Structure formats: C-alpha cells, structure tokens
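Engineer: Handing you this structure, nothing more for now.
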Amino acid sequence: MDIISSLLNILSIIGFWFIFKKFGIKRWHALIPFLRDYRLAQCANEPKDGLIYTILSGIIWILSISYSIVDEKTVLFGTIELKDALALLMLILVIPEFVFSFRICKGLCERFGKKYRWIIGWFLFEGITSLIWGLSSKYVPLEKEKEDTIKETVEESGVNTTGSDKDLTINIRERSAKTLRSKRTLLKDIHMNIQPGHMVLLLGGSGAGKTTFLNAVTGYEMADADIELGNDNVYKDYINIKYDIGFVPQQDLMRGSDTVYNTLYDAAKLRLPKSLSREDRKKRVDEVLDSFGLGMLKNTLVDKLSGGQKKRLSISMEFISNPRLFILDEPDSGLDGVVARELFEKLRDIADSGKIVIVITHTPDRVIDLFDDVIVLAKDANRSGRLTYFGPIKESYEFFGKESMEGFLLAINQKEEGGEGRAEELVKKYNDKMKLAVGGEV
Amino acid sequence: MNNEVKHSGRLSQMFIYTGKLFRMFVFQNDWKVFPMAAVITAIVCFVISKDMFVTMEGTTKGCFAITCICIWNGMFNSIQSVCRERPIVKREHRSGMHISSYICAHMIYQLVLCLGQAAITTAVMKFSDVRFPKTPLVTPSGITDIFLTLFLITFAADMLALLISSLVRNPTTAMTIVPFLLIFQLVFSGTMFAIGGNAAKLKDFTLSKWGITALCTQGNYNTLPMTTPWKTIKKLENVKIEDKTPIKDIIKNVEKKGSEKAFQLRCGKENYHEEYESVRSNVIDCYIRIILQTLLFAVLAIIALEFIDKDKR
C-alpha cells in the first residue's frame with residue numbers, strides 16, 4: 001500500500017513539475033509539499049483559496065501526526081480523550097479543505113478550458129491526472145498567469161510638476177500593494193497640476209486604478225508621492241487637511257432612520273471647526289440645505305428620499321465644511337439623465353466658486369460640456385495604472401483622435417476587454433508630450 | 001491653512017453620536033426590544049415563578065432561565081448595531097470620526113436600553129408572583145438587588161454582542177455567530193450541566209456563571225429547602241423489600257410528625273454551596289467580574305473597529 005502511495009506521489013510531483021513549466025513557475029516548487037499545492041492554486045487563478053487550502057492541509061497534517069504519536073490514555077480538560085479531540089478537529093477541518101480543494105480543481109479546469117468532470121479525476125487519481133495535464137500538449141493554459149512576469153512597458157516620464165500656491169499638485173511616483181508572494185504596482189508615474197475653479201473628469205477602464213488614485217490623492221491610502229493642496233502637504237498634515245477634502249463615495253452612506261436636517265447638522269458638528277458658534281453652524285446648515293434644494297425636505301427621513309435627493313444630501317454632507325478639494329466617485333450612478341445633469345450643474349457651480357472638483361463617471365458624454373479637464377488612466381502591460389492624458393477637454397479629442405469620451409475608453413481598453421489596446425502607445429505619446437512641454441528631449 | 005483649526009474632540013463626538021442613536025430609537029424600531037423582553041420574561045416566569053427563591057431546585061433553574069433571558073436580550077440589542085452600518089462608519093472615520101467616541105456612544109445608548117429591559121424583566125417577575133428575597137445584600141431592597149444583577153448581565157451580554165458586531169463585516173455573519181456564543185454561555189454556566197476537570201475553568205469566562213451565582217446568592221440559596229430527595233422517596237414508597245414496605249413506613253413516620261419541611265431543609269443543608277453563601281462580598285465579587293468582562297468587550301470592540309480602514313471595497 002505504501003509503495004503504491006509513494007508511486008502516486010511521485011507521479012503527482014512529475015505532473016506538477018510539467019504543469020508549473022507550462023505556467024512559467026519554478027519547477028522545483030513541485031518537490032516541496034504544501035508549496036506545490038499553493039502554486040497549483042495560483043495556476044488555477046485562485047491564490048487566496050490556495051493559501052487557505054495550504055494552511056488547512058498543514059494543520060490537518062500536524063493533527064494526523066499528533067494523532068499517531070499521542071498516548072491513548074491522554075485526557076484533555078479532565079474529561080475528553082486527546083485522540084478523540086484530534087479526530088474531531090480533523091473531521092471539522094477536512095470539510096473546508098475539501099471545499100477549497102474543489103474550488104482549486106474547478107479553477108484549473110477553467111484555466112485549461114477543460115470540462116468540469118476532470119474535477120473527479122483530480123480528486124480520485126491526482127497522480128495520473130496531473131501527469132496527463134502536465135505532459136500532454138493538448139492541455140495548455142488558455143492564458144498564462146500575468147502577475148509572475150514583468151513585461152516591458154512604457155518608461156516613466158520623469159517629469160515632476162509644480163503649481164501655484166492654490167493648485168492641487170499631484171506627483172505620484174508609485175503606489176504599490178504587497179502580498180505574501182509579490183509586490184504589485186497599482187499606479188505609476190502620475191504627475192499633474194489642477195487649478196482652483198476647475199472641474200475635472202476622471203476616466204479609466206475597469207481596474208485602471210481610479211479609486212486607488214483618488215485614495216492616494218486624498219491621503220487615505222498613502223503612495224510614494226508628493227500631494228500638495230495649495231501650500232499644504234496632504235500626507236504630512238493629513239490630520240488637519242482631511243477636513244479640506246470632501247470625498248463623496250459611490251454609495252449613499254447615510255443612516256436612513258435620521259432626518260435630513262439632523263444628518264447634515266451632525267455632519268457639520270463633525271466637520272466644521274469647534275470654534276464656530278451654534279448659530280453660525282445652523283446658518284451654514286440652512287445655507288447648504290437651500291443650495292442643494294433640500295430645504296423643504298429637512299424634516300424628512302433619509303430613507304424616504306429619492307435617489308437624486310439622497311445623492312444631493314450625501315454631497316452636501318461633505319460640502320458642509322467648504323472643502324477646497326471635492327472628489328466624487330460616480331455621483332450619477334442610478335440617476336436618470338435629467339437628474340444627473342442637474343447634479344453635475346450643481347457641481348459646476350461648486351467649481352465656479354473656486355473649488356477643485358474631481359469626478360468619476362461612467363457616462364461622461366451627457367455632461368462633458370460642464371468639465372474643464374480630463375484625466376485618463378489606463379492599465380499598462382503590467383496592469384499598473386498609468387496616466388494616458390491630463391489636460392483640457394477640447395485638446396483631448398485631438399490627442400485620442402476620437403469624438404467622445406467613450407471613444408477614449410475604447411482606445412485604452414485592452415483587446416480582450418473589447419477595446420483597441422492602445423494604452424501603451426497613448427501613455428508613451430503623453431509622456432513625450434510632457435517632456436516636450438518642459439523642454440526635454442523625446 | 002487649517003493647521004490651527006480645532007475640530008470636535010472625542011467627548012463632543014460621543015455626544016453627537018449618542019444624540020443620533022437616541023433620535024433614531026423610534027424610527028429604527030429599537031423600541032421593540034422592550035415588549036420583546038416583557039413577553040420572553042412572562043413566558044419563562046409562567047414556568048419558574050412558583051419555585052424560584054422558594055426551593056433550591058427552583059432557584060437554580062429560575063436563575064438559569066432568567067440569566068438566559070438577560071443574555072438573549074443583551075445580545076440581540078446590539079449584535080447588528082455596528083456591522084449593519086459598517087460602510088457608514090468607514091466613511092465617517094475617514095471624515096474624522098473617533099472610533100472610541102462611536103463605541104462609547106453605543107455603550108451609553110445600550111446602557112439605557114439594558115436598564116429599561118432589566119426594569120421590565122424585574123417588573124414582569126414581580127407581577128408573575130416570583131418571591132423576591134427579603135434580605136437585600138447590595139441595595140436597600142431585594143427587588144433592586146435583583147434588578148441591578150439583571151441589568152449587569154444584560155449590559156455585559158450587550159457589549160459582547162457589540163464586540164462581535166465590530167469584528168464582523170455584515171449582519172449575516174454576526175447572526176451566525178450568536179448561537180455559538182449563546183451555547184457557550186449556557187453550557188459552561190456550570191449550573192445545568194456538570195463540568196469537571198480543567199474544562200471547569202472555562203466557567204469563569206462566562207457571564208452566565210457569575211450572573212447565576214449573584215442571583216442565587218441574593219436568593220439566599222443555602223437556606224432554602226431541597227425538595228427533590230423527598231419527592232424521590234415518595235415515589236419509592238411502595239417498593240417492597242422482603243415483603244415489607246420500609247420506605248412507606250419512614251414516610252408515614254415523617255408525615256406523622258409533620259417533619260417534611262425539616263427533612264427538606266436538612267437535605268438543603270447537605271447541599272451547601274460556598275459560592276452561593278448569602279453575603280454582600282460574594283455578590284460584589286460577581287459584579288466586579290461581570291463589569292470587568294463588560295469593559296474588556298468594549299475595549300476590544302474599539303480596537304477591532306480601528307482597523308475598519310483595511311476593509312476592501
């Protein structure tokens with residue numbers, strides 16, 4: 001029995017060795033128990049499940065070893081036999097181990113484009129199945145794992161921007177996320193200068209790093225960057241400067257069981273300076289309510305508001321502190337064209353009062369006339385968010401050679417996403433333009 | 001520009017959130033916890049009121065059942081209170097909210113809810129003719145003694161649920177954890193199920209153990225009669241031993257002398273529990289342990305929620 005088991009194990013190792021070869025993963029990892037399971041899960045595009053599965057397998061292995069060496073008479077807590085306790089624990093852990101193993105096998109079938117019935121093969125005859133998948137030329141992954149290889153991509157512009165004492169100056173060198181296994185660059189080489197009174201559209205395909213960019217700009221998630229709002233460094237003085245930055249999230253995150261007035265008044269108490277008198281605070285709340293058309297609804301419960309009214313309240317909660325920088329993540333999601341237009345006109349008014357307004361929206365063309373500038377982010381070959389364009393709306397059409405913002409997205413999106421896959425080309429074009437603008441060589 | 005500007009501190013933020021929670025009391029349907037407490041207590045008292053604080057067995061079962069009510073009430077008060085608004089808390093934390101102020105506001109709000117529930121539970125017990133202890137140990141009256149104990153158990157369970165609510169990300173997960181917590185509290189209370197060996201140490205980490213101990217101590221447990229042996233003997237009265245019924249003879253003899261009560265008291269004396277000795281220090285000791293657990297849960301809730309920024313989209 002032991003010989004058969006060892007033979008099957010050897011078959012598994014050989015199979016894994018060749019599967020890893022197909023994915024460009026170090027082949028000797030197939031020799032190390034547990035690591036090879038984790039690596040196989042990575043091949044299946046399920047690294048998180050793989051980590052949990054590996055941990056569970058490790059614990060079960062330790063428990064089984066303990067089970068075989070502990071004395072039968074050993075008693076736990078005076079009543080339970082240790083062997084029984086270990087067996088029970090193993091039984092409890094085997095269930096999730098099975099589930100995670102199933103997920104990994106399912107992921108493998110998807111990666112290789114094979115039918116799900118192969119899951120049975122993986123469960124019952126792992127050695128032979130892995131050998132077939134490893135050695136047969138018919139078993140090829142549909143798409144190799146992207147994270148393991150660093151591809152050549154557009155070089156950095158190396159252009160740092162500076163602005164006047166009222167501008168928002170953004171110089172993000174890199175924003176990366178580290179995992180147990182690797183480091184991934186989420187944003188790279190983003191430099192711009194936004195003037196007060198400008199309303200800026202933030203555009204980018206799915207996963208281009210729009211929210212990461214905004215979090216880095218607001219100081220909520222710090223990057224390797226210099227972010228200056230006027231003369232203040234956002235990162236160095238985050239505790240104070242955060243009251244000067246209004247961030248309106250995509251969802252209307254407010255308590256439905258409170259009234260409009262109280263919601264806004266509590267927001268005022270949190271965000272306005274302590275020194276402000278009660279009367280001044282009330283006055284400011286009334287002003288903001290009226291300016292957002294919520295005056296008549298002040299005693300209404302938030303739950304009773306329509307989508308557009310909720311959005312206006314959500315915006316007014318941030319606007320109450322009169323921030324210099326105002327950022328909105330898809331404020332028009334779920335709103336019809338007319339209501340969305342009204343909302344963006346309100347944002348235009350805010351920008352005209354000398355604020356910087358940055359907005360993410362997936363339907364920009366219906367309100368594009370209200371914006372001054374556009375920031376376009378795109379994924380490069382390594383899936384890092386890169387700046388493809390920053391500048392006036394009018395010039396952007398010429399830069400992209402398109403007639404609409406949706407056309408921009410089509411140009412930068414990758415081919416497998418249905419786009420033209422020109423992100424790299426456009427990043428390079430923009431970098432060259434920037435270098436020329438500062439008098440450098442292309 | 002903003003370097004010298006001061007914003008609301010922890011204390012004023014605590015008042016902001018306390019006010020918000022009390023305002024939302026009516027609209028959020030939190031008021032339902034009061035009639036629910038009354039109904040649950042009435043159902044339980046229907047069964048336990050006759051013997052609670054009258055016999056040893058009735059007191060043990062009664063105190064266990066009442067403690068269960070308090071733990072149930074407390075847990076369901078706040079098990080969803082934080083997790084259901086977790087994204088809102090994250091947004092407000094980003095805008096300068098202090099987590100400690102937020103949790104303290106919840107503590108104040110839940111404290112008032114728990115006071116109300118404990119008062120209702122005590123009142124329903126009174127209306128159900130539970131015989132409250134006549135000798136108070138902590139406050140000037142036996143009823144207020146029991147009220148205080150019920151409040152402390154409810155509030156501690158409430159804080160335990162608040163901790164769970166702060167740890168998990170959604171109400172479904174929170175509600176999945178509740179049965180495990182309840183089973184742990186009930187099984188390891190050490191009253192209804194005998195636990196020996198090292199497992200007995202787990203009892204010290206339950207609210208139920210200290211709650212039941214405090215109630216039994218206040219109910220003068222060690223001076224109460226124990227009725228089970230007498231009832232068992234009565235059931236055996238017709239048992240024949242060598243064509244005779246000696247047990248029946250003993251029962252007749254005891255009844256003739258009118259000594260059933262004395263027999264039961266004697267049985268009770270043999271079942272003496274030191275931890276239930278009716279002295280003030282025993283009750284205070286239980287209170288301190290419950291309060292310490294309450295504070296520990298609250299502090300852990302603050303620590304847990306401080307990591308809210310790590311939540312992914």
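Engineer: Taking segment A:14-36 on its own, how many of its residues are aliphatic (A, V, I, L, M), out of contact with any His (no Cβ under 6 Å at 6 or more places or on another chain) and closer than 20 Å to A:ARG111 by Cβ?
Structural biologist: Looking only at that region, the number is 4.
Engineer: Further question on the same structure: What are the pairs with Cβ atoms under 6 angstrom where one residue, in segment A:44-71, is touching a residue at least 12 places away in the same chain (Cβ under 8 Å) and the other, located anywhere, is among the β-branched types (Val, Ile, Thr)? Sequence gap at least six, or different chains.
Structural biologist: A:ALA44/A:ILE104; A:GLU46/A:ILE104; A:ASP49/A:ILE104
Engineer: Would you be able to tell me the number of residues in segment A:203-241 that are among the acidic types (Asp, Glu), farther than 17 Å from A:ASN160 by Cβ and over 20 Å from the mean Cα position of the chain (by Cα)?
Structural biologist: Matching residues across segment A:203-241 total 2.
Engineer: So, in segment B:245-287, how many residues would count as being under 30 Å from B:GLN218 (Cβ atoms), surrounded by 13 or more Cβ atoms within 10 Å (Cβ to Cβ) and β-branched (Val, Ile, Thr)?
Structural biologist: Qualifying residue count for the region: 2.
Engineer: Starting from segment A:338-349, keep only residues that are of a type in the set (Gly, Ala, Ser), then list their pairs with residues that are assigned to a helix (DSSP H, G or I) whose Cβ atoms are within a distance under 9 Å, requiring at least 6 positions of separation or different chains.
Structural biologist: A:ALA340/A:GLY308; A:ALA340/A:ARG366; A:ALA340/A:VAL367
Engineer: Just the residues that are aliphatic (A, V, I, L, M) and either in contact with a Lys or Arg (Cβ under 6 Å, 6 or more places away or on another chain) or free of Cβ contacts under 8 Å to residues at least 12 places away in the same chain (or both), please, taken from segment B:6-45.
Structural biologist: Of everything in segment B:6-45, those that are aliphatic (A, V, I, L, M) and either in contact with a Lys or Arg (Cβ under 6 Å, 6 or more places away or on another chain) or free of Cβ contacts under 8 Å to residues at least 12 places away in the same chain (or both) turn out to be B:ILE16, B:MET24, B:VAL26, B:VAL39, B:ILE43.
Engineer: Taking the options B:LEU163, B:LEU137, name whichever one is outside any loop (DSSP other than H, G, I, E, B) and in contact (Cβ under 8 Å) with a residue 40 or more places away in the chain.
Structural biologist: B:LEU163
Engineer: Given (1) within 14 Å of another protein chain (Cβ to nearest Cβ); (2) in a helix (DSSP H, G or I), where does B:GLN80 come up short, assuming only one miss?
Structural biologist: Looking at each condition in turn, B:GLN80 falls short on (2).
Engineer: Could we say that A:GLU279 is of a type in the set (Asp, Glu), over 26 Å from A:GLN195 (Cβ atoms), assigned to a helix (DSSP H, G or I) and assigned by TED's automatic domain parsing to the domain that holds A:PHE344 here?
Structural biologist: yes
Engineer: Among the residues of segment B:107-130, is any free of Cβ contacts under 8 Å to residues at least 24 places away in the same chain, buried (at least 17 other Cβ atoms within 10 Å of the Cβ) and closer than 21 Å to B:LEU300 by Cβ?
Structural biologist: Within segment B:107-130 (the criterion being free of Cβ contacts under 8 Å to residues at least 24 places away in the same chain, buried (at least 17 other Cβ atoms within 10 Å of the Cβ) and closer than 21 Å to B:LEU300 by Cβ), the answer is no, since none of the residues qualifies.
Engineer: Go over the candidates A:SER333, A:SER321, A:SER316 one by one and state the one that is part of a helix (DSSP H, G or I), touching a residue at least 40 places away in the same chain (Cβ under 8 Å) and among the polar types (S, T, N, Q).
Structural biologist: Of the residues listed, the single one that is part of a helix (DSSP H, G or I), touching a residue at least 40 places away in the same chain (Cβ under 8 Å) and among the polar types (S, T, N, Q) is A:SER316.
Okay, residues lined up against (1) over 27 Å from the mean Cα position of the chain (by Cα); (2) surrounded by fewer than 20 Cβ atoms within 10 Å (Cβ to Cβ); (3) polar (S, T, N, Q); (4) more than 7 Å from chain A (Cβ to nearest Cβ):
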site	(1), (2), (3), (4)
B:VAL5	yes, yes, no, no
B:LEU11	yes, yes, no, yes
B:PHE22	no, yes, no, yes
B:GLN28	no, yes, yes, no
B:ASP51	no, yes, no, yes
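Engineer: Restricting attention to segment A:241-287, report how many residues are more than 7 Å from chain B (Cβ to nearest Cβ), farther than 19 Å from B:VAL89 by Cα and surrounded by 22 or more Cβ atoms within 10 Å (Cβ to Cβ).
Structural biologist: Adding up the residues that qualify gives 1.
Engineer: Then there is this: Return the total of residues in segment A:170-192 being polar (S, T, N, Q), within 17 Å of A:PHE213 (Cα to Cα) and at pLDDT below 90.
Structural biologist: Residues that pass the stated criteria total 2.
The values are calculated or read from the model by the stated rules, or taken from the named source; none is laboratory data. All values reported here derive from a predicted model rather than from experimental measurement. Cβ atoms come from the backbone with ideal geometry, glycine included; neighbour counts cover every protein chain shown.
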